[in-house]
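Worksheet: the structure to be examined is printed underneath.
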Amino acid sequence: MTTAARFDEIVHAPNRLQICAILSAVSSAEFATVREGLGVADSVLSKHVRVLHEAGYLDVHKSTSASRVRTSLSLTRAGRAAYDGHLAALRAIVTTEAFDASAHHAAMPN
């Protein structure tokens with residue numbers, strides 16, 4: 001089954017797109033792992049996590065281990081669908097631009 005292409009403004013922001021990309025490959029990831037993958041501060045990641053969570057795209061799980069609170073993140077079904085649809089939309093844009101550029105180039109006289 002192919003995913004319908006749908007550009008998603010929530011997913012599109014660069015850091016949120018990267019968060020979705022990281023989480024799409026796993027069932028869940030620790031907050032610190034995602035933060036290190038993005039190379040951002042806790043506050044920056046927290047801001048983007050909040051936006052994704054409020055959109056229903058991300059679940060935030062908190063657990064206690066050795067008296068430390070651990071936060072893990074996972075994409076929801078809606079989040080995976082939004083990410084997949086956004087990727088499909090980006091692929092359509094790139095494919096269309098590549099096609100249009102070659103058609104335009106072929107139509108131009110030498």
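The values are calculated or read from the model by the stated rules, or taken from the named source; none is laboratory data. Quantities reported herein were computed from a predicted structural model and do not represent experimental measurements. Here the Cβ positions follow ideal geometry from the backbone for every residue, glycine too, while neighbour counts run over all protein chains shown. The area values use the complete protein model at the heavy-atom level, side chains included, leaving out ligands, DNA and RNA. Shrake-Rupley method; radii C 1.70, N 1.55, O 1.52, S 1.80 Å.
In this structure HIS61 has an accessible area near 80 Å², from a 1.4 Å probe over the protein heavy atoms.
So, counting K/R as plus one and D/E as minus one, what does the shell of residues with Cβ under 9 Å around ARG70 add up to? Result for the neighbourhood of ARG70: +1. Across the protein chains, with a 1.4 Å probe defining accessible surface, the residues LYS62, LYS47 rank LYS62, LYS47 from largest area downward.
Here the label points at ALA4 and ILE22, each 7 Å from Cα along the C-beta direction, are separated by 3.1 nm in the simple model. Note on region 1-95: Cα Rg divided by 2.2 N^0.38 Å, N the number of residues, gives 1.11. Between VAL94 and VAL69, residue separation times 0.36 nm minus the direct Cα-Cα distance comes to 4.8 nm.
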